[in-house]
Amino acid sequence: MLRLIAGLDRPTRGHVAIGGRIVNAVPPGQRNIAMVFQSYALYPHMTVADNIAAALKLRKIPLNEIQHRVNEVGHKLGLELLLDRKPGQLSGGQRQRVALARALVREPDVFLLDEPLSNLDALLREQVRAELKQLFNSQNKPVVYVTHDQTEAMTLSSKIAVLYDGVLQQFDSPHRIYSYPANEFVAGFMGSPQMNLLKINCQGNHGLLGDFQITLPTLPSVPPQIVLGIRPEDVRLAQPEDSQIVEGKPYLVEELGKEKLLSVRVDGSDKTVRALLPADQNWHGDTVALALPAKALHWFNASGGDRLN
């Protein structure tokens, strides 16, 4: 996708438009894009200032304008004291900021970022992610950001495009992607811990999940099998007033600090339901009853995986 936007590959059909201008026939060098690579791709023999300024010098920008832009973007990214250093003298987070500065200084029409945080450790990734969010908001320019990290996608974006095998599965806001996934793949891919996806057999307006009946949504026609989806944070310990309950034996408890992830094998089946519970919540005995609130259920066609409700 990034190569198509950048002009390194030609689309077999359709158009690539930047700012409303179709650029299919425009060479990469004339598209005014800036790219931030996964591997930073800094020149090791150049200082930070020279790395940031390299593209501007190639474009014959006046030296005083180059100096102004380098200083401005260096201030934005906290690089003022590093401008005379070489990349080998920088930490991973600092090198990533230099790569971002090199893109920002060009004042492009669109930014392309290819998993720019994947080489950073978890703590640094969180810090740089927060910096990127503020940076994107201040630029008022479109940013296309490729990532396999769901947290990055959810926190940084105003829109998410979920791709699988080269096919667009859903293009929507982070809230819509999370709350109303278009199909079973999106439902299982977005969210951590992963959504419970349980294939059940249908009988009339009910489905069977092990020994338990689940009320199905109102549909024009009910297929023989249907996939029930529910996020672990929506599953709770059952109360007397709950109508849709499954029971089973807990076989795994994962402590996550303020929460714990409970895995339960549903009686009468080989299916597992996972529940994300408060750390201080407990149950008694060898079995546990879990409530599946009707409002939190997602329904997908077992054949094809498309959303049904």
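The values are calculated or read from the model by the stated rules, or taken from the named source; none is laboratory data. As the structure is a computational prediction, the values presented were derived from the model and not from experiment. Methodologically, a virtual Cβ is constructed for each residue, glycine included, from the backbone with ideal geometry; neighbour enumeration extends over all protein chains shown.
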Within segment 33-43, how many residues are in contact with a Pro (Cβ under 8 Å, 6 or more places away or on another chain) and either at pLDDT below 90 or surrounded by 17 or more Cβ atoms within 10 Å (Cβ to Cβ) (or both)? 7
The residue from GLU184, GLU131 that alone is charged (D, E, K, R) and within 30 Å of VAL73 (Cα to Cα) is GLU131
So, first residue part of a loop (DSSP other than H, G, I, E, B) in segment 79-103, second residue at pLDDT 90 or above and of a type outside the set (A, V, I, L, M), Cβ within less than 8 Å, six or more apart or across chains; the pairs are LEU83/THR47; ASP84/THR47; ARG85/THR47; LYS86/PRO44; LYS86/HIS45; LYS86/THR47
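Every residue, every condition in (1) under 23 Å from VAL143 (Cβ atoms); (2) at pLDDT below 90; (3) of a type outside the set (Lys, Arg), yes or no:
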residue: LEU63; (1), (2), (3): no, no, yes
residue: GLN67; (1), (2), (3): no, no, yes
residue: GLY74; (1), (2), (3): yes, yes, yes
residue: LYS86; (1), (2), (3): no, no, no
residue: ARG95; (1), (2), (3): yes, yes, no
